[in-house]
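Here's the structure we're looking at; comments come further down.
Nothing in this text is a laboratory measurement; each read-out follows from the coordinates by a stated rule. Keep in mind it's a predicted model, so treat the numbers as computed, not measured. Virtual Cβ from ideal backbone geometry, glycine too; neighbours counted across all protein chains shown.
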Amino acid sequence: MQWMTLQELRDELDRTRPAWDELADLDDVLEDREIPALSEDARRHELVLNELLRRPNNG
């Protein structure tokens, strides 16, 4: 992800957001008492977000 431009990272963040948002429903997690495994897109969303936070904001 280090090779991606800021715009590409933002686009990828938007693309993977639905997978991440699925994890926001904590009722299911608490009911089963298990944390669900991250899907590939949810994991990518997390990585992209971390990369965006790591970089200085150049617009």
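Ordering 12-20, 48-56 by mean Cβ neighbour count within 10 Å, with the highest value first, yields 12-20, 48-56. In this rough spin-label picture, where each label sits 7 Å from Cα along the Cβ direction, the L49-D21 distance is 1.3 nm.
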